[in-house]
Protein chains: 4
Amino acid sequence: MQVSVIGASGYVGGDLLRLLLQHPKVQVGQATSESNAGKFVYAVHPNLRKLTALKFCSIQEIKPCDLLFVALPHGRFMHKFGPLTAMAPRLIDLSADFRLRESQDYVTWYGHEHADPEALRQFVYGVVELHREEIRQASYVSGAGCLATASLLGLMPLFRSGVVRNQEVFIEAKVGSSAAGNESSLSTHHPERSGAVRSFQPTGHRHTAEIIQELGFHGRPQVHFSATAVELVRGVLATAHLFLNQKLDEKDVWNIYRTTYAQEPFVRVVKERKGVYRYPEPKILAGSNFCDVGFEKDPHSDRVVVMAALDNLMKGAAGNGVQALNVMAGWDETTGLQFPGLHPI
Amino acid sequence: MQVSVIGASGYVGGDLLRLLLQHPKVQVGQATSESNAGKFVYAVHPNLRKLTALKFCSIQEIKPCDLLFVALPHGRFMHKFGPLTAMAPRLIDLSADFRLRESQDYVTWYGHEHADPEALRQFVYGVVELHREEIRQASYVSGAGCLATASLLGLMPLFRSGVVRNQEVFIEAKVGSSAAGNESSLSTHHPERSGAVRSFQPTGHRHTAEIIQELGFHGRPQVHFSATAVELVRGVLATAHLFLNQKLDEKDVWNIYRTTYAQEPFVRVVKERKGVYRYPEPKILAGSNFCDVGFEKDPHSDRVVVMAALDNLMKGAAGNGVQALNVMAGWDETTGLQFPGLHPI
Amino acid sequence: MQVSVIGASGYVGGDLLRLLLQHPKVQVGQATSESNAGKFVYAVHPNLRKLTALKFCSIQEIKPCDLLFVALPHGRFMHKFGPLTAMAPRLIDLSADFRLRESQDYVTWYGHEHADPEALRQFVYGVVELHREEIRQASYVSGAGCLATASLLGLMPLFRSGVVRNQEVFIEAKVGSSAAGNESSLSTHHPERSGAVRSFQPTGHRHTAEIIQELGFHGRPQVHFSATAVELVRGVLATAHLFLNQKLDEKDVWNIYRTTYAQEPFVRVVKERKGVYRYPEPKILAGSNFCDVGFEKDPHSDRVVVMAALDNLMKGAAGNGVQALNVMAGWDETTGLQFPGLHPI
Amino acid sequence: MQVSVIGASGYVGGDLLRLLLQHPKVQVGQATSESNAGKFVYAVHPNLRKLTALKFCSIQEIKPCDLLFVALPHGRFMHKFGPLTAMAPRLIDLSADFRLRESQDYVTWYGHEHADPEALRQFVYGVVELHREEIRQASYVSGAGCLATASLLGLMPLFRSGVVRNQEVFIEAKVGSSAAGNESSLSTHHPERSGAVRSFQPTGHRHTAEIIQELGFHGRPQVHFSATAVELVRGVLATAHLFLNQKLDEKDVWNIYRTTYAQEPFVRVVKERKGVYRYPEPKILAGSNFCDVGFEKDPHSDRVVVMAALDNLMKGAAGNGVQALNVMAGWDETTGLQFPGLHPI
């Protein structure tokens, strides 16, 4: 399958190229970058030295292919969707532009009108564990926010089972620096960002919209979200608090998770009695496509604390996109995604 | 004033020595450490090289002094309180042994009976901003947990004002590695701990007991606490979610904080519209005795997210102890505590 | 090919298991660990969760196989070599026990006699780029020190070409924390090790012996080595200074490197005029088997500064071992070693 | 004494303000910043919140004072020296503009002519340990490069004693990110800079010129310098190799260091047989004005490895400047500089 990548010079685009270049069923056609057109891909992504002699081209030069990945900054692709559909029958967008089903949500959470509201319903929300069958049939698949993906995979089993009191949850998401992209600024300047534990979005985080949208199994969820940047390049840990609406012990909750995820190749339920890695930990997921999910029931109350960890550039972006590609193409879902992560790292 | 330190080889003891050695009103008498007795203090605390020729002695050799600081590991001092009172008329304990007023709370949260329950009521809970007048009169002052101190200073203004719905709060505390002390183990081994975002205590954290105890202005609070270790040596950030029980806008909440803390030398209300450090950030507090406090009101709901940051060894332990000492002695509260922290760091 | 691993619970053993479990031509037989016998491998190496149900066994239970990897702490295998040869016709040792050809060197650099000096000459020094043909024929292959491997791959082209004045070189090696293994101690305790730039071996480093042994193309080299621990988990950067004994410009030196390494799958010559990654950088090599090599000629003198970077657990240990295995087995040298490293990380 | 700071918004300017605001003998007059004129100083330096209500002004508004500190980016002050002398009888420049005595050295090492070569000889090179008496008398004092200061304090005792073979030394300097200033770029963007071990200047580093200039006790030294950026915000470790030209054992070398530095308040000779901090380590110097110096003699040769560590913003810049101020003013040299650094950090 011939696959090209629009917007390949960012961090998500780079990880996508890395995965696609080593994917046994894929041939990478083109990789676009307006500011780097003509340069070798490895000049921007130095880990790809000796792997490829591909050069970036302009989006103007894009040619027809079997599937297009789009990894443009948010807000760009919504203006190009129509024309680009002429280039490929199938398309996976990793930006936020087609994640939300309701165009009004873009006004509420992103602060602007959506440029192509009609197209929104042509996209399937691209978390395979939530929409595998629709993705299998889809022409157009959206990406998902990295914090949203962790939160959703952590919370979906409980929300779908209907055991969450008032459909209400408090989420504190911790995230590494690569999630903010490759544009430097004072806030990402190493002396300022190193060692940070920084409340960059205590309220109003855009990923809240996706979480609300996708957890509505039993009515509209109440999602109270905050996001904190921590010292880490790759990685997300979402910590969520909710109350059970019925008496369940730890084992009951465990069964809900096990039932939900037993067959999932990229979700591991992590909950150990001892050891260093008793709960999900993003540290050991760098480069892997796993989302690790765990929980602890508060012995003093009906509270359950849910934890979910992933690599924001992998299961939170590029890896998740390749997983969706595998599903769309009918290949083994783990093709090209077997790297398990490093320990120690 | 002649001051000695029991348990001076740990991280809290070391920071205490650093502060006391440079305190203009204090003379350091003795510093005990059983495992290091006879060694120079700077052999264990290398930052004190050239500052002092003091050697550690055994607790058996302790002599009378004006005030004793105790920085033993939790669970030790409760067995020694009686005898040690003979050594000094005043005493500040930085362990958890005399923080809780109800001996039953030690059973519930620490898992063991208290060895000296009668003595509990002789201690004042040592957060100056909460108990300044009692500390001024006190003979015996306890320390406070680092996560509890951050949580309490962040939340006290709202709880005391009676604006918190159901007296309920969700706290996610992030903490650096020094808070776990100087005993090495696999979980603190650098390859395992570096870059961690680790849920070490999703429920059941002991500091919860202090927070419940100290926020009961309008009935028993419901405190839902979790703690996550992050990549940082010194520092705590507590992020708390609560709902207002009345219509208040950002400015109203701001006024509550300003009123509460306007005269406090070590609490800064941090809430900026722009810049890198808009909210409390532990990174720039290393070595300082400040607790920075901020908040954001959710425009989508009545939720307020409160953030509080401090250096766990300073305002979270040793610095807070010296502040209490200053109050007890009637000195300017900031004596010996003026170091403002570094930027960048 | 059936392969077992002796000493599989350490960091090198863990990375070896990760590589072998995903190696398309290898079946992992047994993995030994005395302290973890009976436990699941993933209990110690959490990145292997969901990849394997293998359990550790004791070395007493080891069964015959096609090739044995040995990853015991230094000084152990030299006492077991004889008996273990009965278990497999081929063996790759990743400890230091059989790296040096002269038993006297163990006395000089390791401070003890070698337990099996006769066996030393049965081993080939296991850096494929130096001894490919001998390794192809070998039954027994040793590992190589991580700092030695970086130094050797950086310096070999110049030493072999005979352009190094007095065969003399000054090497300053920077190394991450995982190189010291998985035993915790105060020096590896996170609050002490985090942010360190620590001269742990200014002189007398054991890897010096290997470098002297392997660079003797034109007489005994004079190697002045020092080693500094830096904040990093995986990674080595060796920075070496030497003088040319003849007039060569940058392009001449470049040609020596290009000629030497043009066909090497795991050595990249990295020397760019601009960009962030102009020279070898261990950061982007975590998990990869590349050794990146670069240099700069001092315009003020005949000095050349050579830089070489690698991941100490991969090209510096386990990855290099699998590369040797591939050579011994006649497989494509890159089999199971294609992971290129992450950017950013 | 009334002191103003030109160029107060950078990292050096910020640390200078911090020190001067708490200096008991100094009153801070003005602090200039063209891009921040009119803003509160604490808006740029958040650690100064609650310490000062000072606002930045433009250099155009500068008024006469007793002493001017200049902390402009390199290359600016040389164009302003004449006019600014009218503003204060004494002046300390922390840039590189007046460090070198020979204007030709600016061409060789900085790549441009010096704008005011006549003025060069009016400045004293501002390392107090090298030029205390001249600084006491001086009107104009230059700063010193952070890597140069570490190298010089580490090497001066041996060069001055005449025991260095061929006056030749190899220096590998490791440095944190704050040394490059507060301008963000891709190379300082956190995902790229975090965990770096980056050879940013293998040859040709500008500080080489200062080291050559200041070590010429017995003829022109041969200084072979390279610089590597490591994961650290504040801190420098210079590791230097040289050979002795006579038989000296460790104790002889120790005596040279002790004799040189016994009376120096800010140099500590650090060389321990055991413990974590056996040698100089920048980690524990953050915020302190110490330069720690140590060495190890190679038992295999006449080589001595010298190590010197400091905080690049303190003893490597602002702290060193305040030390010079204290000398110029006849105050105790340690006034305002007593912060000893933190452990752990």
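The values are calculated or read from the model by the stated rules, or taken from the named source; none is laboratory data. Computed from a predicted model, the values in this text were never measured in an experiment. Note: ideal-geometry Cβ built from the backbone for every residue, glycine included; neighbour counts use all protein chains shown.
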Count - residues of segment A:287-333 that are more than 21 Å from C:Pro46 (Cβ to Cβ), in a helix (DSSP H, G or I) and in contact (Cβ under 8 Å) with a residue 60 or more places away in the chain: 10
Segment A:183-218, residues that are surrounded by 24 or more Cβ atoms within 10 Å (Cβ to Cβ), under 24 Å from A:Gly7 (Cα atoms) and touching a Gly at 6+ places or on another chain (Cβ under 8 Å): A:His207, A:Glu210
Among the residues listed as D:Arg90, D:Arg101, D:Arg132, D:Arg165, the single one being touching a residue at least 40 places away in the same chain (Cβ under 8 Å), in contact with a strand residue (DSSP E or B) (Cβ under 7 Å, 6 or more places away or on another chain) and within 30 Å of D:Asn245 (Cβ to Cβ): D:Arg165
Segment A:104-129: number of residues that are in contact (Cβ under 8 Å) with a residue 40 or more places away in the chain and part of a loop (DSSP other than H, G, I, E, B): 3
Candidate set from segment B:5-27 (those that are within 14 Å of chain D (Cβ to nearest Cβ) and of a type in the set (A, V, I, L, M, F, W, C)); member that is farthest from B:Gly316 (Cα to Cα): B:Leu21
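If you go through segment D:229-242 one residue at a time, how many are in a strand (DSSP E or B) and farther than 23 Å from D:Leu130 by Cβ? Give the derivation first.
Initially, segment D:229-242 is screened for residues in a strand (DSSP E or B), giving D:229-230, D:236-242.
If we keep only those that are farther than 23 Å from D:Leu130 by Cβ as well, we get D:229-230.
Summing the residues that are in a strand (DSSP E or B) and farther than 23 Å from D:Leu130 by Cβ in segment D:229-242 gives 2.
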Among the residues listed as D:Arg206, D:Arg193, the single one being closer than 28 Å to B:Lys283 by Cβ and either touching a helix residue (DSSP H, G or I) at 6+ places or on another chain (Cβ under 8 Å) or not β-branched (Val, Ile, Thr) (or both): D:Arg193
Where a residue in segment D:170-182 is buried (at least 24 other Cβ atoms within 10 Å of the Cβ) and its partner, wherever it lies, is among the acidic types (Asp, Glu), with Cβ under 6 Å and at least six apart: D:Glu172/C:Glu172
Which numbered condition D:Ala329 misses (of (1) within 20 Å of D:Val124 (Cβ to Cβ); (2) touching a His at 6+ places or on another chain (Cβ under 6 Å)): (2)
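Could we say that B:Val276 is closer than 25 Å to D:Gly341 by Cβ and without any contact (Cβ under 8 Å) to a residue 40 or more places away in the chain here? If you could, list the steps in order and put the result at the bottom.
Working: closer than 25 Å to D:Gly341 by Cβ: yes; without any contact (Cβ under 8 Å) to a residue 40 or more places away in the chain: yes.
Yes.
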Criterion: among the β-branched types (Val, Ile, Thr) and farther than 17 Å from B:Leu237 by Cβ - qualifying residue of A:Val230, A:Val253: A:Val253
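Taking the condition at pLDDT 95 or above, of a type outside the set (A, V, I, L, M, F, W, C) and in a strand (DSSP E or B), does A:Ser9 pass? Reasoning before the result, please.
On the way: at pLDDT 95 or above: yes; of a type outside the set (A, V, I, L, M, F, W, C): yes; in a strand (DSSP E or B): no.
No.
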Residue count for segment D:32-47, restricted to those that are facing another protein chain (nearest Cβ under 10 Å), in a helix (DSSP H, G or I) and either in contact (Cβ under 8 Å) with a residue 12 or more places away in the chain or among the charged types (D, E, K, R) (or both): 2
Residue list for segment D:104-129, restricted to those being of a type in the set (Val, Ile, Thr) and in contact with a strand residue (DSSP E or B) (Cβ under 8 Å, 6 or more places away or on another chain): D:Val124
Number of positions in segment D:233-283 that are within 9 Å of chain B (Cβ to nearest Cβ), within 30 Å of C:Gln222 (Cβ to Cβ) and surrounded by 20 or more Cβ atoms within 10 Å (Cβ to Cβ): 2
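Determine whether A:Asp97 is surrounded by fewer than 23 Cβ atoms within 10 Å (Cβ to Cβ), touching a helix residue (DSSP H, G or I) at 6+ places or on another chain (Cβ under 6 Å) and either of a type outside the set (Ser, Thr, Tyr) or not in a loop (DSSP other than H, G, I, E, B) (or both).
Working: surrounded by fewer than 23 Cβ atoms within 10 Å (Cβ to Cβ): no; touching a helix residue (DSSP H, G or I) at 6+ places or on another chain (Cβ under 6 Å): yes; either of a type outside the set (Ser, Thr, Tyr) or not in a loop (DSSP other than H, G, I, E, B) (or both): yes.
So A:Asp97 does not fit the description; no.
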D:Asp252, sole failed condition from (1) part of a helix (DSSP H, G or I); (2) touching a residue at least 60 places away in the same chain (Cβ under 8 Å): (2)
Verdict on D:Ala96 being within 14 Å of chain B (Cβ to nearest Cβ) and either touching a Leu at 6+ places or on another chain (Cβ under 7 Å) or of a type in the set (A, V, I, L, M) (or both): no
Matching residues, segment A:294-345, being more than 13 Å from every other protein chain (Cβ to nearest Cβ) and either hydrophobic (A, V, I, L, M, F, W, C) or touching a Pro at 6+ places or on another chain (Cβ under 6 Å) (or both): A:Val322, A:Ala324, A:Leu325, A:Val327, A:Met328, A:Ala329, A:Trp331, A:Glu333
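Filter segment A:48-94 down to residues that are part of a helix (DSSP H, G or I) and in contact with a His (Cβ under 9 Å, 6 or more places away or on another chain) and give me whichever is farthest from A:Leu215 (Cα to Cα).
Filtering segment A:48-94 down to residues part of a helix (DSSP H, G or I) leaves A:48, A:59-61, A:77-79, A:81-85.
Going one step further and asking which of them are in contact with a His (Cβ under 9 Å, 6 or more places away or on another chain), we end up with A:48, A:78.
Numbers: A:Leu48: 38, A:Met78: 25 Å.
That would be A:Leu48.
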Conditions (1) under 23 Å from A:Ala148 (Cβ atoms); (2) touching a residue at least 40 places away in the same chain (Cβ under 8 Å); (3) touching a helix residue (DSSP H, G or I) at 6+ places or on another chain (Cβ under 8 Å): number failed by A:Arg268: (2)
Residue within segment C:132-148 that is within 11 Å of chain D (Cβ to nearest Cβ), β-branched (Val, Ile, Thr) and in contact with a helix residue (DSSP H, G or I) (Cβ under 7 Å, 6 or more places away or on another chain) present: no
Residues that are on the phi < 0 side of the Ramachandran plot and in a loop (DSSP other than H, G, I, E, B), drawn from segment C:168-210: C:Gly176, C:Asn182, C:Glu183, C:Ser184, C:Ser185, C:Ser194, C:Ala196, C:Pro202, C:Thr203, C:His205, C:Arg206
Test: residue in segment C:206-216 that is farther than 26 Å from C:Arg101 by Cα and polar (S, T, N, Q): no
Residue satisfying all of: in segment B:178-225; hydroxyl-bearing (Ser, Thr, Tyr) and closer than 18 Å to B:Thr239 by Cα; farthest from the other protein chains (Cβ to nearest Cβ) among these: B:Thr208
Selection from segment D:222-248 of residues that are farther than 29 Å from B:Ile345 by Cβ and in contact with a strand residue (DSSP E or B) (Cβ under 7 Å, 6 or more places away or on another chain): D:Gln222, D:Val223, D:His224, D:His241, D:Leu242, D:Phe243, D:Leu244, D:Asn245
